[in-house]
Structures are given as C-alpha cells and as structure tokens.
Amino acid sequence: MSSALKKDHLRIASVNVNGLRAAYKNGMAAWLEPRDVDILCLQEVRAPDAIVRQLLGEGWHILHAEAEAKGRAGVAIASREEPIATRNGIGDDYFATAGRWVEADFRVTDASGERVQLTVASAYVHSGEVDTPKQDDKYRFLDAMSTRLPELSKHSDHALVVGDLNVAHTPLDIRNWKGNLKKAGFLPEERAYFDRFLGGEIGWHDVHRTMSGEMDGPYTWWSWRGKAFDNDAGWRIDYHLATPALAASATSAVVDRAATYDTRFSDHAPLVVDYQL
C-alpha cells in the first residue's frame, strides 16, 4: 500500500460504532479525520449501504455486509487502497445474512521489502444471553471462528481478525470479573474458545494484550449506564487477533478513549494498531 509505505507502517483501526448514523451525529468524524487510518473496520454499523458510503465520504474502498434484520449488526471494512479480493460471511450458511463477518485481501510490502498478502476480517460476535438461543448462536459463531482462523493462516502470509468479539478473555479484561462469572461475555465456556484461538491449538496472538502487557484493561467498552465510564469499570472485548509474524510486526496499540463521557461517539472506543507493513 503506497500510503503505508510513505508512513513506514500500516494503521488499522477497529471500532463498534453502535450505529454509524448516531456515531457521526456524536462526533465520529472529528476522531477519524486526523487519525490517518489506512484500514478502518466497523461493527454494529446498523445502516443501509448508501448511508455508509455517504457518511464515510470520498477516498475509501468500502466493503459492507448489512444484516438482513433491519437495524441490527452490520460490519464493514473501509480501506484507502483497493483490496485484491473480498468475501462476505464466515463460511457457515446459518450466518449468511447476519452481517457479522467480512474479509478483504490486500497486497502489501513487509519490513524486508517483500510483497505479501494480508487478509483482514471485521467481525461482530453475538453478545449472547445465558440459557437462550442467543447463546447457542454465539457458540455456533465461535465454532465457525475456530474453523476459519486456521484456514486464514493458510490463505495469506498474514491474517488479522479485528472487532467486537464480545468475550473478555481473562480477569485482566474486565473490571468486575467476580460479579460476571455467570454472565455472557465472561463465561468459562466462552473464554475457553480464546484459550484455543491464542494457545497452541490455533496459535494466533492477541496484539493489544501483548503490547499493553499484564495490566488491568485497557478497556474498550463501558456501559452507558451509571458511572461505568467515569470509574473505568469497563470490559476489553474488542480485539486485533493476528497470525504470529503479523503480531510481531505491531509497533503500537492504542485505545482511543474519549476524554469525557459526553464526548463519546459510541459505548466502545476505537482500538488502533500500527503494523510494520
């Protein structure tokens, strides 16, 4: 990507916008315009394609999967340079119209000057609800991820899955972890999937956790209710999951947390990572 070459890095940002129209109304453009993002991955877009293109404006190649259910889900990848291939869906037909997974392949130059293929996926995992069909769907989607991640490792030199994955992996990823052990988002069964994604079985890396080290947070989601944001009582549920060589090329990972509660454009904060590509 020529823009990346000039900068000596590729900047990839992911954010659950909680409705793109509302996010723009609440100041998302003021965050995005100066941020110099090369690839922008969005979740919970919840808007028709024409509106997405209108709001993001000129200069983006946009891949957008709307959910069949109006006003629900929706994921997108907007890139400054055109992908060489795109795909909609995680591979399980059950989720074909769910608006929860899109992939784009890019041709990039790595730190050694080699031309390589990078696949980026924007993903929105179900929030789930214990003992309901919503939780069944969540496990089915995580099963599909367990199949897709190894396929992506084989498909491209580098692969990256970003987005709102709606699981806090360890107690470091949630402020009030003891109070949430029986709630969707921190169930042992959900967290076991991430053990597999990030362990020897699948072997991907949690880029943000690696870059930030063993500390509480940094969180990416806070409830709109009460004083959760002001007290930093958050959850780290937005991720950059990368194949090992790509993870090793990351030079910074930042949560763009709003300065104050009333300057937030979503209940999630963007997660922005620079890669030496």
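The values are calculated or read from the model by the stated rules, or taken from the named source; none is laboratory data. Predicted, not measured: the structure shown is a model, and the values here were computed from it. With ideal geometry, Cβ positions are generated from the backbone for all residues, glycine too; neighbour counts draw on all protein chains shown. Protein only, heavy atoms only, side chains kept; ligands, DNA and RNA dropped before computing areas. Shrake-Rupley method; radii C 1.70, N 1.55, O 1.52, S 1.80 Å.
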Would you be able to tell me the number of residues in region 196-213 that are open to solvent by 80 Å² or more (accessible area, probe 1.4 Å) and under 18 Å from the mean Cα position of the chain (by Cα)? 1
For region 221-237, what are the residues that are surrounded by 24 or more Cβ atoms within 10 Å (Cβ to Cβ) and closer than 13 Å to His208 by Cα? Arg236
Number of the exception - Glu201 against (1) among the charged types (D, E, K, R); (2) over 28 Å from Ala259 (Cβ atoms); (3) at pLDDT 95 or above: (3)
Out of (1) open to solvent by 40 Å² or more (accessible area, probe 1.4 Å); (2) under 15 Å from Ile12 (Cβ atoms), what's the single condition that is false for Leu246? (1)
Specify the residue that is surrounded by the most Cβ atoms within 10 Å (Cβ to Cβ); the eligible residues are those in region 49-82 that are under 17 Å from Val17 (Cβ atoms) and among the acidic types (Asp, Glu). Glu66
What's the number of the condition Ser146 fails, among (1) part of a helix (DSSP H, G or I); (2) open to solvent by 40 Å² or more (accessible area, probe 1.4 Å); (3) small (Gly, Ala, Ser)? (2)
Which of the following residues is crowded, with 19+ Cβ neighbours inside 10 Å and more than 15 Å from the chain's Cα centre (by Cα): Ala98, Ala123, Ala85? Ala98
Given the condition over 23 Å from Tyr94 (Cβ atoms), touching a helix residue (DSSP H, G or I) at 6+ places or on another chain (Cβ under 8 Å) and at pLDDT 95 or above, answer yes or no: does some residue in region 133-155 qualify? no
All but one of (1) touching a residue at least 12 places away in the same chain (Cβ under 8 Å); (2) open to solvent by 30 Å² or more (accessible area, probe 1.4 Å); (3) out of contact with any strand residue (DSSP E or B) (no Cβ under 7 Å at 6 or more places or on another chain); (4) not hydrophobic (A, V, I, L, M, F, W, C) hold for Gly217, so report the exception by its number. (2)
What number of residues within region 249-267 satisfy the criterion of being open to solvent by 10 Å² or more (accessible area, probe 1.4 Å) and either more than 23 Å from Ala159 (Cβ to Cβ) or without any contact (Cβ under 8 Å) to a residue 24 or more places away in the chain (or both)? 12
Restricting attention to region 157-195, which residues are in a helix (DSSP H, G or I) and open to solvent by 10 Å² or more (accessible area, probe 1.4 Å)? Pro171, Leu172, Lys178, Gly179, Asn180, Pro188, Glu189, Arg191, Ala192, Tyr193, Asp195
